[in-house]
Amino acid sequence: MENKHCRECGKPVFGRIDKKYCSDICRHAYNNRERIASGTYVNTINAILRKNRNILADLNPEINVKVSKNKLHSKGFNFNYITSLENNLKEVCFYCYEYGYKVAEADCIYLIKKED
């Protein structure tokens, strides 16, 4: 039987045949390092989308709140990043997850929320 070694620290691994790490600490350290190394771009985009969603959620405690585009900009909202859009004959609705907005006038935006 071959001796296995931890992917993170190199210590011998005992236990199940498919075990790859000697402890949860080593498993977390290895996976965190791999995630950071491989997903910097994705993590950046997800952070922007999460921030946009939180801004919309904070400003939209009720349905169809009307705000100015400048107010969203001042809070740090990035209009270049959305998760989906709905285009019907009347209007286009832009969404960051379940929260969204539709442009009413040049500087006026209605905040909306998708219903389940």
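The values are calculated or read from the model by the stated rules, or taken from the named source; none is laboratory data. None of these values were measured; they are calculated from a predicted model. Virtual Cβ from ideal backbone geometry, glycine too; neighbours counted across all protein chains shown. These area figures cover heavy atoms from the full protein model, side chains too; ligands, DNA and RNA do not enter into them. Shrake-Rupley method; radii C 1.70, N 1.55, O 1.52, S 1.80 Å.
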- Note on the structure: Among residues of region 29-43 being of a type in the set (S, T, N, Q) and surrounded by fewer than 11 Cβ atoms within 10 Å (Cβ to Cβ), the residue nearest to LYS102 (Cα to Cα) is THR40
- Hey, ILE63 hits all of (1) modelled with pLDDT of 90 or more; (2) more than 30 Å from ARG7 (Cβ to Cβ) but one; which does it fall short on? (1)
- Task: Could you please let me know if LYS51 is surrounded by 13 or more Cβ atoms within 10 Å (Cβ to Cβ) and either modelled with pLDDT under 95 or in contact with a helix residue (DSSP H, G or I) (Cβ under 8 Å, 6 or more places away or on another chain) (or both)?
- Result: no
- So which residues in region 59-116 are within 24 Å of ASN46 (Cβ to Cβ), open to solvent by 80 Å² or more (accessible area, probe 1.4 Å) and assigned to a loop (DSSP other than H, G, I, E, B)? ASN80, TYR97, ASP116
